[in-house]
Amino acid sequence: MNTNQFNRAVIIGGSLSGLLTARILSGYFRQVIILERDPVEDRPEARKGQPQARHLHGLLATGLDVMTHYFPDLPGALVNHGAVVSDMADNMRWFSYGGYRRRFKMGIRAVQMSRPLLEHLIRQRVLALANVTLRDRVHVQRLLTTPNGQKITGVEIQNRVGERSTETIQANLTVDCTGRGSRSPQWLKELGYSPPEEKVVRVDVGYATRLYRRDPAHRSEWILITPEAPQETRFGGLFPIEGDRWICSMGGWAGDHCPIDDEGFLAYARSLPAPDVYNVIRRAEPLSDIVPHKFPFGRLRHYERLNKFPAGYLVLGDAISSFNPTYGQGMTAAALQAAELDDLLTQGENLDRLAPKFFKRAARVLTIPWRMAVGQDFKYPATTGPKPAGTDLLNRYVTRVHKATLHDEVVGRAFLKVMNLIASPRSLFHPRILWRVLFNHLSPVSNFDRSLINRAK
């Protein structure tokens, strides 16, 4: 990596996607400046601008691998701070579709920790780089451009402390990592560009989270209860995290949200399709208030379809696409986008031509998790928005896959690889898996099954 290649990069947003982007750009720019709206302390924290950070998070195996590539000591640091690292297939008690998924040793590392801890450890490592600085309590007011408006040359900011002074920061590259609240579409419009086309899928998911004390002497299983859609809408998760704590999140689709009073929270746990979460939290000592979160819709912005886009500017992470968080794909998707940016810069891509190529790669990264998420969401009739072709047929087959994982290790292994973005969803249609799904089942072969068999031939 050549740190003298470019002069300065500015990253708007100091959460996980911004930090990962800073790590990438530190290898190509003499100076990298992260601008964050909220105050940032040198400790694990959930900031005001990160409402989702207080809730249960899943880091998929692929995301952990990407982060470990850029921060080799990260897994060890997580363990040293009390995070639980285990074999996902063996340590997960997962109730779904009427039973518990079969458990087996697979060798896929799963790490259970709070989102604030993960972000804190990554932020420490990024800010230890000599050419990276973070400025917090800064509001980005607008983008700076060349006189013809064809290139972004930096940002105008307002310091949110003291006299609230305004200043400009020049940059060769500016990256928007501000998440769902991204102002890039508005900024583009103000500069005379068309905003990106958007896909919006409304799911009306809402959930609530509470921390509990965890006896470290007990086995640190992570418990997941997911619904059989559409007749069931509620889910619950109970993960062991640092500090000998449980983090418990419960909620549902289509407005079936979890209450935030003590009695209602316990009653919701008791109503889940399996008793595991309730059996733990009814005896455990609460360590926090119950915190709610609502996710009304998922959104995908098609920056790759724009014919005109200013040079010197990129958008990354949730600012492009925000998934239904119940599927745990967001952090991994951001990490994969950052890795694609690294690959383009390693190839010596010119900054003026970077955006179109990056957005095409980001779109490829996002296609699978987006389709997986909205496909599951469309199992509920109340879900609205653009529905990918073939979703209903695919969902019928995936339901069979879920049921097969209750007793079939081969199918379970294939499913977990897809879930962790290690393998393509197409791998679930490999003849070896297809036949196990359709024939290792008590129900007779239907016309639907025969159509899938014929497609696989």
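The values are calculated or read from the model by the stated rules, or taken from the named source; none is laboratory data. Owing to the predicted nature of the structure, the values given are computational and were not obtained by experimental measurement. As a convention, Cβ positions derive from the backbone with ideal geometry for all residues, glycine included, and neighbour counts pool all protein chains shown. When the accessible area is computed, the model is the full protein with side chains, heavy atoms only, and any ligands, DNA or RNA have been set aside. Shrake-Rupley method; radii C 1.70, N 1.55, O 1.52, S 1.80 Å.
Residues in the stretch 213-233 include none that are touching a strand residue (DSSP E or B) at 6+ places or on another chain (Cβ under 9 Å), at pLDDT 95 or above, within 30 Å of ARG37 (Cα to Cα) and open to solvent by less than 10 Å² (accessible area, probe 1.4 Å). Considering VAL411, VAL401, VAL365, which residue is open to solvent by less than 40 Å² (accessible area, probe 1.4 Å) and under 23 Å from ARG299 (Cβ atoms)? From the options VAL411, VAL401, VAL365, the qualifying one is VAL365.
Evaluation of VAL138 against the conditions (1) touching a residue at least 24 places away in the same chain (Cβ under 8 Å); (2) among the hydrophobic types (A, V, I, L, M, F, W, C); (3) open to solvent by 10 Å² or more (accessible area, probe 1.4 Å) shows that the sole unmet condition is (3). Of all residues in the stretch 283-300, count the ones that are buried (at least 18 other Cβ atoms within 10 Å of the Cβ) and touching a His at 6+ places or on another chain (Cβ under 9 Å). Here the count works out to 1.
Each row is one residue, and each column tells you yes or no for (1) of a type in the set (Asp, Glu); (2) over 30 Å from LEU143 (Cα atoms); (3) open to solvent by less than 20 Å² (accessible area, probe 1.4 Å); (4) at pLDDT 95 or above.
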residue: TYR268; (1), (2), (3), (4): no, yes, yes, yes
residue: SER271; (1), (2), (3), (4): no, yes, no, yes
residue: VAL280; (1), (2), (3), (4): no, yes, no, yes
residue: TYR303; (1), (2), (3), (4): no, no, yes, yes
residue: TYR313; (1), (2), (3), (4): no, no, yes, yes
residue: ALA338; (1), (2), (3), (4): no, no, yes, yes
residue: LEU341; (1), (2), (3), (4): no, no, yes, yes
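Residues of the stretch 250-259 that are open to solvent by 10 Å² or more (accessible area, probe 1.4 Å) and either among the acidic types (Asp, Glu) or part of a strand (DSSP E or B) (or both): ASP256 alone. Is it true that some residue in the stretch 66-81 is open to solvent by 10 Å² or more (accessible area, probe 1.4 Å) and in contact with an Asp or Glu (Cβ under 7 Å, 6 or more places away or on another chain)? Yes, the stretch 66-81 contains a residue that is open to solvent by 10 Å² or more (accessible area, probe 1.4 Å) and in contact with an Asp or Glu (Cβ under 7 Å, 6 or more places away or on another chain). Return yes or no: is LYS417 open to solvent by 70 Å² or more (accessible area, probe 1.4 Å) and either in a helix (DSSP H, G or I) or modelled with pLDDT of 95 or more (or both)? In short, yes. A search for C-beta distances below 9 Å between a residue of the stretch 30-54 that is over 15 Å from VAL132 (Cβ atoms) and any residue that is surrounded by fewer than 17 Cβ atoms within 10 Å (Cβ to Cβ) and among the hydroxyl-bearing types (Ser, Thr, Tyr), counting only pairs 6+ apart in sequence or on different chains, returns ARG54/SER288.
The single condition among (1) open to solvent by 70 Å² or more (accessible area, probe 1.4 Å); (2) under 30 Å from LEU211 (Cβ atoms) that GLY99 does not meet is (1).
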